[in-house]
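**Student:** Before we start, here is the structure in question, set down as structure tokens.
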Amino acid sequence: MNTESRTRLGRSANVAGERGCLGLLRASAWIAVPVGAVGSVGLMLWAGRHNPSRLLLVLFALWVLSPFIALALVNVVSKRWSVVSRAMLHSVTLVLTLVSLAMYGDVHLRPPEPNAFVFIVVPPASWLIIAIVVAVAALISGRPFQKLFRRVP
């Protein structure tokens, strides 16, 4: 076996390993997004069940859903990103989902008190973290920002 064949074999084994690990991480992230979205909205609706304003509940539901919608969209767009950038994005998707559900769930474990603060603060904090990860992913992949959101043909 010559050196070129060994190099090709090493590259293909490395790519297969990245696909396997990244594939598992990607699948976990794709499962986490809808689970986190439904769980977050459910916990928010449970917390606001005594609120007579249905309009306020709908607005809060959209507000709580917004980071999960953003994560789903960025996960779709990230197909052309580097492996490291996609791994970062899928990891932050899992972490944000778990942290959001934990913080929303914590509202129900505390004594009854006004609890809108958590539902107001967590979405913009999530947006900030998503923006930071996308910016870092752009720097890591070495592409300008305008090329990041190009559609895959």
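Read-outs: derived from the displayed coordinates by stated rules, not from any lab. Note that the structure is predicted; figures quoted are calculated from it, not measured. Neighbour counts are summed over all protein chains in view; Cβ atoms, including those assigned to glycine, are modelled from backbone coordinates with ideal geometry.
**Student:** Using mean Cβ contacts within 10 Å as the protection proxy, how do 128-141, 81-94 order, highest first?
**Tutor:** Highest mean packing first, the order is 81-94, 128-141.
**Student:** Once phi is turned into ³J(HN,Hα) by the Karplus curve 6.51 cos²θ - 1.76 cosθ + 1.60 with θ = phi - 60°, what whole-Hz value does each residue of the stretch 89-104 show in order, with x for glycine and proline?
**Tutor:** 5, 5, 5, 5, 4, 5, 5, 4, 5, 5, 5, 4, 5, 5, 5, 5
**Student:** So how much slack lies between Arg54 and Trp30, counting 0.36 nm per residue of separation and subtracting their Cα-Cα distance, in nm?
**Tutor:** Once the chain is fully extended between Arg54 and Trp30, it gains 5.6 nm.
**Student:** For the stretch 67-83, take each phi angle, set θ = phi - 60°, evaluate the Karplus expression 6.51 cos²θ - 1.76 cosθ + 1.60, and give the result in whole Hz per residue in order, putting x for glycine and proline.
**Tutor:** x, 6, 5, 4, 4, 5, 5, 5, 5, 5, 6, 7, 4, 9, 6, 5, 4
**Student:** Could you please tell me the mean projected area of the C-alpha convex hull for the stretch 26-148, averaged over all directions and given in square nanometres to one decimal?
**Tutor:** In nm², the orientation-averaged hull projection of the stretch 26-148 is 7.6.
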